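Throughout, read-outs are computed from the coordinates displayed, never taken from laboratory work. Keep in mind the model is a prediction, meaning the values are calculated, not measured. Cβ placement follows ideal geometry from the backbone for every residue including glycine, while neighbour counts extend to all protein chains displayed.
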Amino acid sequence: MTFAKGRTAGVRSLGLVLLLIPCAALAQAKVDVQAETVLVSNKDSTIDPPELAKLKDNFLKNGLAFTSYRRLKTAKLSLEQGKPSKLDLPNRKTVTVRLDSLKDGTARLQVEVPPLSQTMTLGREGSVSMVAGDHDGGKLVLVLSPASAGKPRRAAVSRPDTLVCPRN
Amino acid sequence: MAPNPACSSYIPLLSPFIDGELVPSERQNVERHLAACKDCTGRTADLRAESGLVRVGLEMAADDVDFKDFAQKVMARITPEKPPLLERLRLSLSEMFTYQRPVLISSFATAAALALVAVPLLLRDGLPMGYAAEKMIVERVSASEGAKVQPVVLEVQAGQPIIWMVDSAEPEPAGMSPEDEAQSEELDMAPAPKDSAKGGDAGAGRKGGEL
């Protein structure tokens, strides 16, 4: 084979690489966020689902003494820069979530729940709860958390160390 | 008996003559001599008979030899010893870079392209995109202009902030400009410590919770 053929093949391959780099870059600029709509009230003492006990605990620590926590809706928002995601709430309000910036792997979001607007930084741990108005005798709360938070990982599943059989 | 002096120059040519190894001019000379010399004709006949006997003997000996796997045995004897692994590797690479350079360049480029695409995707599975920060942080909260509520950020537990609203009950001081009003409604959370209730009165938040 001649050197010219090798050069042609090299140029073609380089073109392929240059073509794929933007594709890879575009594939990166997408941030997933989990948005939960929770109705908190003092009507009863329902906690549905039981995972909301953590939210109740956090609310209590901050002096918000609600007794009922009900998850109404869960949505996974895929955010891209320049493309705001909208989420309709049961009280006819619309939440708008924008990916403000993505710098060094850290995403900054802008969340608008009329009349409030907030700018937040996403983190691997925790969640941000934001009141979103009145609804059905209580308050609607928008909880933003990491998208993978709802998926229990295999390593996180605990097993009993010993299996004890009941004696008759 | 001493040979005829004329025959002495032809006797060495008789064996090649029988084997057909003489050039045409020599062959013609030998044939001309044989036509005139009975001694050399006899010698030629003896040589032919001797040659036939040798041929038959060799054929009989060849029949006794086993030629099975003959080629493999010969090749095994003439093939040099296997070079060491590193030497063979070096030879293979050298031949590859010499004769298959375009294929090699294409392969490397394709592998690099695949790595450029695959590595970010794999890393993305390990750490979700956008979650390089450890905890959730509320940087800034504001209420829209004209809103009769004020935002309050409660954060007893780091990474678990709650943004609540309280009624802006306080009357506006006289002479307050709209710009001042906007500033008062806007809370810049970035420099504040994480582990305390920020941006407003925690008691006001408590009040909101006692609905």
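Tabulated values for the structure
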item	result
Cα gyration tensor shape for region A:99-143, rounded if a/c is under 1.5, else prolate or oblate	oblate
Test item: Cα-centred dipole of region B:42-161, Lys/Arg +1 and Asp/Glu -1 on Cβ, debye	280
Shielding by other protein chains, A:136-146, mean Cβ within 10 Å	2
Separation in nanometres of the label points that stand 7 Å from Cα toward Cβ, at residue A:80 and residue A:60	4.4
Average partner coverage of B:106-118, which counts Cβ from other chains inside 10 Å	4
Using θ = phi - 60° and Karplus 6.51 cos²θ - 1.76 cosθ + 1.60, couplings along region B:35-44 (whole Hz; Gly, Pro as x)	5, 9, 10, 6, 4, 5, 4, x, 4, 5
Cβ neighbours within 10 Å from other chains - mean over A:125-135	6
FRET efficiency for residue B:11 and residue B:99, using Cβ-Cβ distance with R0 set to 51 Å, rounded to 0.05	0.30
Note, ³J(HN,Hα) from phi for region B:152-161, Karplus 6.51, -1.76, 1.60, rounded to Hz, x at Gly and Pro	10, 10, 10, 8, 6, 9, 4, x, 10, x
Under the Karplus curve 6.51 cos²θ - 1.76 cosθ + 1.60, θ = phi - 60°, whole-Hz ³J(HN,Hα) for region A:32-48, x wherever Gly or Pro sits	9, 9, 9, 10, 10, 9, 10, 9, 10, 7, 10, 5, 9, 10, 7, 10, 9
Most to least packed among B:82-92, B:30-40, A:57-67 [average Cβ atoms within 10 Å]	A:57-67, B:30-40, B:82-92
Computed label-point distance, nm, for sites residue B:35 and residue B:91 using a 7 Å Cα→Cβ extension	6.2
Filter on A:30/A:83; A:43/B:148; A:56/A:83; A:61/B:135; A:43/A:76; A:93/A:139 - keep pairs with C-alpha separation over 22 Å	A:43/B:148; A:56/A:83; A:43/A:76
